[in-house]
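Just below is one structure, and these are the notes that go with it.
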Amino acid sequence: MEIRLTPFRQKVYDLVATIPEGKVSTYGLVAQKIGCGCARAVGQALRVNPFAPVVPCHRVVSSDMTLGGFDGETEGENIRRKKELLVAEGVRFVDDRTIDLDCLYDFT
């Protein structure tokens, strides 16, 4: 499947590429920063990210600091893989599902 690189998707990928290792941001913060009112649209752009891992879509999580989705899934093996990637980069969890707020990157 060929992914169409729209100006919106390019904005998402450019911004997400700035999230440093050991940090996460949220779909909502990414949407807000690029001037989009729809966190779901950001999630859809990341679901088809052709630039992973250069564009680290695994570093974008839900606003409640839980993992959200990864590779089109919200549970199962892909979510376990997302968590493993984040832990390997130094992201801390306060429990099995929730990321420590100190790991939040808000682009400021």
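Readers should treat all values here as calculations from the given coordinates under stated rules, not as data from a laboratory. Every value quoted in this text rests on a predicted model; they were computed, and no experiment measured them. We place every Cβ from the backbone using ideal geometry, glycine too, and count neighbours over all the protein chains shown.
The figures follow:
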item	result
Distance between modelled label sites at E75 and D14, nm, 7 Å Cα→Cβ extension	3.8 nm
Correct choice for mean projected area of the Cα convex hull in nm² that was computed from the model, options [x] 7.7; [y] 6.4; [z] 7.2	[y]
Top positive-direction residue, dipole computed over the stretch 7-103 with Cβ charges, set A41, G22, T66	A41
Cleavage-rule hits, GluC sites (Glu not before Pro), the stretch 1-106, DSSP coil, Cβ neighbours within 10 Å at most 14	E2, E21, E75
Placed amide H near S25: partners under 5 Å, 5+ positions off or other chain	V60, V61, Y105
Partners for K11 among lysines (Cα-Cα distance below 19 Å; same-chain residues under 8 apart left out)	K33
Lysines with Cα under 20 Å of K83, excluding same-chain neighbours fewer than 8 positions away	K23
